[in-house]
Amino acid sequence: MLDEPRLRTLLEPFGLRLSSGQLAQALTYLQLLLRWNQKINLTAIREPDECVRRHFGESLFLARHLDLHGDLLDIGSGAGFPGLALKITFPEIRVTLLEPIAKKRAFLKEAARACQFSQISVRSERLEKLLPIMPTPAFDSVTMRAVGNLNILVPLAAKFLKPGGNLLLWLTTDQAKALAGIRSDLTWGLPLPIPVTREGVICRGQKSP
């Protein structure tokens, strides 16, 4: 099993400088993920080093370039990347995780408990079902990773953003090119290349203040 020095080494290419407490949370999260993944399909990545790089490194890399605050909505949370993992570097944010699959919701709740994360809400609704029951705009940030149907989800996600809020997407370079053709009230910056990956980028769309 990985220890803190090894975890720190694996995260170095992403420019991350985590405290001992943050590394301990990441290890707790990782150990729980690997254990649960033997019973339910949380991620296809089962090798610990690769899990750190692909999930924790790629998710937390955002902290090098953007300071999150307030309320965050994570769409299609799955095993909690990036939304739940971002609590490691931004412990003060309030996170709402949308995950329709019950077994994955159970994992997210257990991971939040084991890592002693506070201000976490895990909900079962899909995004289109959440819109009629939640006052909007409600969130300072919205995150999505490894989701499809961007032409539908991007305009819908933008409705949840407060003025000046950010939609943050973990995509491939080809997916990022398609954003220009999606109608929304977001202004897109240049895609941010993710270290270690061949074509992974983070795209930031900001809602008009």
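In terms of Cα to Cα distance under 15 Å, which aspartates and glutamates are near enough to LYS103, apart from those fewer than 8 places away along the same chain?
Within the straight-line limit of under 15 Å, LYS103 reaches these aspartates and glutamates: GLU125.
For the residue pair ARG46 and LEU190, what label-to-label distance in nm results when each label sits 7 Å from Cα along the Cα-to-beta-carbon direction?
4.1
Identify all aspartates and glutamates with a Cα-Cα distance to LYS39 below 17 Å; exclude those on the same chain that are fewer than 8 residues away in sequence.
List returned: GLU47, GLU110.
How many nm is it between the label spots at ALA102 and HIS69, if each spot is 7 Å from the Cα in line with the beta carbon?
4.1
Leaving out same-chain residues fewer than 8 places away, which aspartates and glutamates sit with a Cα under 13 Å from that of LYS162?
Candidates past the 8-residue exclusion: ASP71, ASP140, ASP185.
Tell me the relative contact order for the chain as a rounded percent, counting alpha carbon contacts under 8 Å between residues six or more apart.
17
Among DSSP beta bridges whose residues both lie in the chain, state the antiparallel percentage, nearest 5.
40
So what is the calculated 222 nm ellipticity per residue for the chain, using -39500 (n - 2.57) for each DSSP H run with n of 4 or more, over all residues, to the nearest 500 deg cm²/dmol?
The per-residue figure over the chain is -8000 deg cm²/dmol.
Bear in mind that the values in this text are calculations on the coordinates, not laboratory data. Predicted model only: the values in this text are computed from it and were never measured. Cβ atoms come from the backbone with ideal geometry, glycine included; neighbour counts cover every protein chain shown.
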